[in-house]
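The values are calculated or read from the model by the stated rules, or taken from the named source; none is laboratory data. None of the values given here were measured: they were computed from a predicted structure. Here the Cβ positions follow ideal geometry from the backbone for every residue, glycine too, while neighbour counts run over all protein chains shown. We work out accessible area using only protein heavy atoms, side chains counted, and drop any ligands, DNA or RNA first. Shrake-Rupley method; radii C 1.70, N 1.55, O 1.52, S 1.80 Å.
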Amino acid sequence: MNYEDILIRPVLTERATELREQNKYTFVVLPSATKYQIKEAVRKLFNVKVVDCTTMNVRGKTKRLRGRPGKTSSYKKAIVKLAPGETIKIFEGA
C-alpha cells in the first residue's frame, strides 16, 4: 500500500479549521488503514513530525431524495497532531 493511497483527502470544515489552531490536521483515510500507517503516511508525504493520531469511523447518514430513502457513504477520519512548530503548507494556502 502506497502512502498516497492511505490519505484520501483533507477535511476542510469549520471544526477542522479550529483544530488547526491546536496543530491538529484532519484527513479522510482508507477504512483499512491503521494509526501507525496513517502517522507514517503524513510523516513521509509532508515531511513533518507526528506526535499523535486519533481515528474514528463515521457512519453514513440516512437521506431522502425525491421521497425515496437513501444513505450517504460511511468513511474513516483521522485527526493527526503535529509537533510544536510544525505545519502542513497545503493547509496554509501556500
In segment 44-94, what % of DSSP beta bridges are antiparallel (nearest 5)? 100 percent
Cleavage-rule hits, trypsin sites (Lys or Arg not before Pro), the chain, DSSP coil, Cβ neighbours within 10 Å at most 14: Lys49, Arg59, Lys61, Arg66
Taking amide H positions as placed in the peptide plane 1.01 Å from N, state which residues far from Cys53 in sequence (5 or more) or on other chains have amide H under 5 Å from it. Lys81
Residues whose placed amide H lies under 5 Å from that of Leu7, excluding near-sequence neighbours: none
(1) 7.2; (2) 6.4; (3) 5.5: which one is mean projected area of the Cα convex hull in nm² as calculated from this entry? (1)
With a 1.4 Å probe and every protein chain kept in, tell me what percent of the accessible surface of the chain is carbon plus sulfur. 48 percent
Enter the accessible area per residue of segment 1-86 (Å², integer; probe 1.4 Å; all protein chains in place). 72 Å²
I'd like the GluC sites (Glu not before Pro) in segment 1-60 restricted to DSSP loop residues with at most 11 other Cβ atoms within 10 Å, sorted by number. Glu21
In segment 26-94, taking the dipole from +1 charges on Lys and Arg beta carbons and -1 charges on Asp and Glu beta carbons about the Cα centre, the listed residue (Tyr75, Leu30, Gly60) farthest towards the positive end is Gly60
With axes computed from alpha carbons, what is the tilt in degrees of helix 35-46 against the longest principal axis of the chain, rounded to the nearest 10 within 0 to 90? 60 degrees
